[in-house]
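The next block holds one structure in the form of structure tokens; read it before the comments.
The values are calculated or read from the model by the stated rules, or taken from the named source; none is laboratory data. Because the structure is a prediction, the values reported are computed rather than measured. Here Cβ is always computed from backbone atoms with ideal geometry, including for glycine, and neighbour counts include all displayed protein chains. Just so you know, the surface numbers come from the protein's heavy atoms only, side chains and all, with ligands and any DNA or RNA stripped out. Shrake-Rupley method; radii C 1.70, N 1.55, O 1.52, S 1.80 Å.
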Amino acid sequence: MAAGIQIDCDRPEDINEDHIHYCCKHPDGHNDIIEGCAKETGFNMPNQNEEALVDITADKAMRGTCFGKCVFSKLNLMKGNELDMDGVRNYFNSKFVDDPEYAKEMISAFDHCHGKSEENTAKFLSKPMFQQLSHQFCEPKPSVVLACVIRQFFHNCPKDRWSKSKECEDTLAFSKKCQDALATL
């Protein structure tokens, strides 16, 4: 029980994953590169004003391996097949000069996820869905890292950016207790 709600890890349908990006305010909005990659790969974004990396659910990021690869490539976040932390720092520090706290949070999330990318990619590649449909997927590491970054950003949202809505509080409590119940969180 958290904040007066009964948490049932077998009932993730009670949680609306598509709304988690409203829980932690972030400066991103329209992004030409993300929009271009969405069109190029047939990936559906929430809408034209929600084109930040953290506007996507991690579940969608995992299914959008070609989208993740396109975005990371065009933002210069990859070197070969590896996440380039210098590229990550350069991108966020230069794009979000007016919001250094957001840049720091995103760099921290990428840094955390960078260390887990090999293990998480191996987990993703071992899933029956990937093995049966591997011809429909691109190199999954960017999407695996992106899914992790979305989760980290949500879980570590600074208090002054957090929406204290019941839906957000319930989703956070659920995701912390039931880590494997939601693909997103």
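Annotations
- Residue check, CYS66 assigned to a helix (DSSP H, G or I), of a type outside the set (Lys, Arg) and open to solvent by less than 20 Å² (accessible area, probe 1.4 Å): no
- Scanning region 69-102 for residues that are of a type in the set (A, V, I, L, M, F, W, C), over 14 Å from ASN31 (Cβ atoms) and not in a helix (DSSP H, G or I) returns MET78, LEU83, VAL97.
- Among (1) modelled with pLDDT of 65 or more; (2) out of contact with any Gly (no Cβ under 8 Å at 6 or more places or on another chain); (3) open to solvent by 60 Å² or more (accessible area, probe 1.4 Å), the one test that LYS79 misses: (2)
- Only listed residue being at pLDDT below 80, over 13 Å from the mean Cα position of the chain (by Cα) and outside any helix (DSSP H, G or I), chosen from ALA181, ALA122: ALA181
- Matching residues in region 147-166 - criterion: being of a type in the set (Gly, Ala, Ser) and part of a helix (DSSP H, G or I): ALA147
- Of the set (1) modelled with pLDDT of 90 or more; (2) touching a His at 6+ places or on another chain (Cβ under 9 Å); (3) open to solvent by 40 Å² or more (accessible area, probe 1.4 Å), all apply to VAL88 but (3).
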